[in-house]
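Participant: Pasting in a structure now, in structure tokens, and then I'll have a few things to ask.
The values are calculated or read from the model by the stated rules, or taken from the named source; none is laboratory data. Computed from a prediction, not measured in an experiment: that's the story for all the values here. Every residue, glycine among them, receives a Cβ derived from its backbone with ideal geometry; neighbour counts consider all protein chains shown. The area values use the complete protein model at the heavy-atom level, side chains included, leaving out ligands, DNA and RNA. Shrake-Rupley method; radii C 1.70, N 1.55, O 1.52, S 1.80 Å.
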Amino acid sequence: MPLPFIVITLIKAIVVLIVLMTVAAYLVWFERKIVARIQNRWGPTRVGPFGLLQPLADAIKLLTKEDFTPAGVFRVPYLLAPALSLTVALLAFAVIPFGPGFQIADLNIGLLFILAISSMGVYGIVLAGWASNSKYSLLGGLRSSAQMISYELAISLSVVGVLLLGGSLSLREIVSAQSGVWGLVPRWNVFPQLVGFFCFFIAAIAETNRLPFDLPEAETELVAGYHTEYSSMKFAMFFIAEYTNMVTASCMATILFFGGWHGPVPSFLPAPLQAVVPLFWFSLKVVLFLFVYVWIRGTLPRFRYDQLMSFGWKFLVPLALINLVVTSFVIALRA
Amino acid sequence: MYAAFFFIFAGAAVGFAINLLIQRHPVYSALSLIGVMASLASLYLMLGAEFIAAVQVIVYAGAVMVLFIFVIMLLNAGEEERTQRSKLARQAGAPLLLILLSLVATVLYKQFPRDSMVQFGDFPGQTAPIGRLLFREFLLPFEVVSVLVLIAIVGAVVLARKEP
């Protein structure tokens, strides 16, 4: 491998990492502000203007807190779990195309890579639950493994429709296939794949353990679920991983169903500004999805565990299967 | 470069496999097995078989092993106790193992001489050719396997159902 290639890839990775950490930190602020507005209160206002320095204060608090390891934990997996969660969450960004050319690595199995990475994510949570040697953690870990296995199936089935339309597993090519317009509407996959998108987004919320599917950490019954016994930076790593996963899921929804970096209207900006237009559209769509995440959290109550399971297996998976059959039938007729 | 990576991942696979055998707690053994699967996936990746590598991680590391760990945790299986190993195993074990390994190595070298070995990046790991092979040339075996899996699922449901 030539040296310039390695250096450039390293620089890209560092830039993406820094941006991602900032986004994850401010996502917490964003969420607290919006949930506060939904609940008719102010949210963070004290640190900085509009509470904008709140993430910084939180970070200092988490860093300086005592790092406490309870007696009776299984040491190696207890320490491994948060690191595993965060690593897996960050790895997904190696293949996500933010704009034409803004991508760390263009794998020709990019989509499978993301699915593989997200299927590894469950280990962090399961190990944390088991290694903590506490009943609440264990129950949280068990719930999450069952939940993530069930909803992973729905995610995989719902993206197959997109694959059939795009004809490629490379995320860059999936986005490229969505350029142009059908008359007035842009050629985004969401229009022919509305059902697929519906399944994908619901399953993605469940996969990231967010409300209304946050059973693994349901605080009214499990204290805090799988991270009950964690404190300080180890807890923060789970926290960052969860928010990073939200960003990943929003990026995937944007790439697979909403045309990635393609805008709904052509832009008439002068040439030097033109380069940032794709990045603008991509970020805007991701922020919109993040808003929907927070909106859903602020609106819906938590599911019961048996409701969650029967919803996944008896409704979402069959719906995704029907969508898959219909899509392939239509494509076969057209060919 | 490739050779270095090969030795890292091959070494990791063997190391995890040995760790799998000597660990006494089932969860640690299961974790080692995940390590083996991940190392093998990296080796597939270096051969150029990207699709196989991804499927290896998704199916084995991501689905099968999660179920293993789920069951181990659900049953709350504790550490195993070491037993007094039998005299035969203690004295004949290591030599027999050596003989077996050298036999396998000899057969492999006889069967595949050096110039017919696979090289790194030999497989055009595209998904489309694999799909074409599965659904054209190997359609019957593929469908037979699917039916077999279906029978297994139905059997599991029947066995798990409570007596009326």
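Participant: How big is the charge dipole of segment A:11-130 about its Cα centre, in debye rounded to the nearest 20, if each Lys and Arg gets +1 on its Cβ and each Asp and Glu gets -1 on its Cβ?
Facilitator: That gives segment A:11-130 a dipole magnitude of about 420 debye.
Participant: Further, regarding this structure: Calculate the spin-label point distance for A:L288 paired with B:F7, positioning each point 7 Å from the Cα along the beta-carbon direction, and give it in nanometres.
Facilitator: Spacing of the two 7 Å Cα→Cβ label points: 5.3 nm.
Participant: Right, something else. Taking square-rooted eigenvalues a ≥ b ≥ c of the alpha carbon gyration tensor, is chain A rounded, prolate or oblate, where a/c under 1.5 means rounded and, failing that, a/b exceeding b/c means prolate?
Facilitator: It comes out prolate by the Cα gyration axes.
Participant: Something else now. Suppose every K and R has +1 on its Cβ and every D and E has -1 on its Cβ; what is the size of the dipole of segment B:1-91 about the Cα centre, in Debye to the nearest 20?
Facilitator: Dipole magnitude for segment B:1-91 comes out near 420 debye.
Participant: Past the 25 Å Cα-Cα mark, which pairs from A:K12/A:K285; A:K12/A:K61; A:K314/B:K162; A:K135/A:K234; A:K234/A:K285?
Facilitator: A:K12/A:K61; A:K234/A:K285
Participant: Now for a separate question. Using modelled backbone amide H atoms (1.01 Å from N, in-plane), which distant-in-sequence or interchain residues come within less than 5 Å of A:V181's amide H?
Facilitator: When sequence neighbours closer than 5 places are left aside, the close amide H contacts are A:R187.
Participant: What stretch of chain B, leaving out the sites themselves, is the longest with no GluC sites (Glu not before Pro) in a DSSP loop having at most 15 other Cβ atoms within 10 Å?
Facilitator: That gives B:82-164 as the longest site-free run.
Participant: Which one of A:P82, A:L284, A:F68 has its Cα pushed farthest toward the positive end of the charge dipole of chain A, where Lys and Arg give +1 and Asp and Glu give -1 at the Cβ?
Facilitator: Value computed over the given set: A:L284.
Participant: Of A:K285, B:K162, A:K12, A:K135, which has the most accessible area and how do the rest follow, probe 1.4 Å?
Facilitator: Largest to smallest exposure gives the sequence B:K162, A:K135, A:K12, A:K285.
Participant: Can you list which of the chymotrypsin sites (Phe, Trp or Tyr not before Pro) found in segment A:64-137 are DSSP loop residues with at most 11 other C-beta atoms within 10 Å?
Facilitator: Qualifying residues, ordered by number: A:F68.
Participant: Something else: So how much slack lies between A:A57 and A:L269, counting 0.36 nm per residue of separation and subtracting their Cα-Cα distance, in nm?
Facilitator: 72.4 nm
Participant: Please calculate the 1.4 Å probe accessible area of A:V292, with all protein chains present, and give it to the nearest 10 Å².
Facilitator: 40 Å²
Participant: For A:T22, what accessible area in Å² do you get when you roll a 1.4 Å probe over the heavy atoms of the protein chains, rounding to the nearest 10?
Facilitator: 70 Å²
Participant: Can you list the residues of segment B:58-97 that have at least 50 square angstrom less accessible area with all protein chains present than in their chain by itself, probe 1.4 Å?
Facilitator: With the partner chains in place, segment B:58-97 has these residues losing at least 50 Å²: B:I58, B:V66, B:F70, B:M73.
Participant: Relative contact order for segment A:179-335: what is it in percent, counting Cα pairs under 8 Å that are at least 6 residues apart?
Facilitator: 31 percent
Participant: Short version: ³J(HN,Hα) in whole Hz for each residue of segment B:22-28, in order, from phi by Karplus 6.51 cos²θ - 1.76 cosθ + 1.60 (θ = phi - 60°), x for Gly and Pro, what are they?
Facilitator: Per-residue couplings from phi come out as 8, 5, 9, 8, x, 5, 5 Hz.
Participant: What FRET efficiency do you get for B:I18 and B:V145 if R0 is 41 Å and r is their Cβ-Cβ distance, rounded to the nearest 0.05?
Facilitator: Once rounded, the FRET efficiency stands at 0.80.
Participant: Also: Taking the Cα centre of chain B as the origin, how large is its charge dipole in debye, to the nearest 20, when only Lys and Arg (+1) and Asp and Glu (-1) carry charge on their Cβ atoms?
Facilitator: 440 debye
Participant: As an exercise, use a Förster radius of 22 Å and the Cβ-Cβ distance of B:R161 and A:L321 to find the FRET efficiency, rounded to the nearest 0.05.
Facilitator: Step by step, r from the Cβ atoms, then E = 0.45.
Participant: Can I ask one more? If the cut-off is a Cα-Cα distance under 26 Å, which lysines reach B:K87, setting aside same-chain residues fewer than 8 apart in sequence?
Facilitator: Here the lysines satisfying the reach criterion relative to B:K87 do not exist.
Participant: Report B:R132's accessible area, 1.4 Å probe, all protein chains in place, as a number in Å² to the nearest 10.
Facilitator: Counting only protein heavy atoms, the figure is 130 Å².
Participant: Angle check, please: helix A:135-166 long axis (alpha carbons) against the longest principal axis of chain A (alpha carbons), in degrees 0 to 90, nearest 10.
Facilitator: That works out to roughly 0 degrees.
Participant: What chymotrypsin sites (Phe, Trp or Tyr not before Pro) does segment A:242-335 have in DSSP loop regions with at most 16 other beta carbons within 10 Å?
Facilitator: Sparse-neighbourhood loop chymotrypsin sites (Phe, Trp or Tyr not before Pro): A:F268.
Participant: Which angle between 0 and 90 degrees, to the nearest 10, do you get for helix A:54-64 versus the longest principal axis of chain A when only C-alpha atoms count?
Facilitator: 50 degrees
Participant: Provide a whole-number value for the mean count of partner chain Cβ atoms within 10 Å of the Cβ atoms in peptide A:164-176.
Facilitator: If you average over the peptide's residues, the count of other-chain Cβ atoms is 1.
Participant: Mind checking which aspartates and glutamates have their Cα closer than 13 Å to the Cα of A:K65? Skip sequence neighbours fewer than 8 apart in that chain.
Facilitator: Within the straight-line cut-off, A:K65 pairs with nothing.
Participant: Right, here's the next one. Name the trypsin sites (Lys or Arg not before Pro) in segment A:41-90 that are in a loop by DSSP and that have at most 15 other C-beta atoms within 10 Å, would you?
Facilitator: For trypsin sites (Lys or Arg not before Pro) across segment A:41-90 that sit outside H, G, I, E and B with at most 15 neighbouring Cβ atoms in 10 Å, the list reads A:R41, A:R46, A:K65.
Participant: Tell me the relative contact order for chain A as a rounded percent, counting alpha carbon contacts under 8 Å between residues six or more apart.
Facilitator: With pairs under 8 Å counted, the relative contact order is 23 percent.
Participant: Now for a separate question. Using a ≥ b ≥ c from the Cα gyration tensor of segment B:1-81 (square roots of the eigenvalues), is it rounded, prolate or oblate, where a/c under 1.5 gives rounded and otherwise the larger of a/b and b/c decides, a/b for prolate?
Facilitator: oblate
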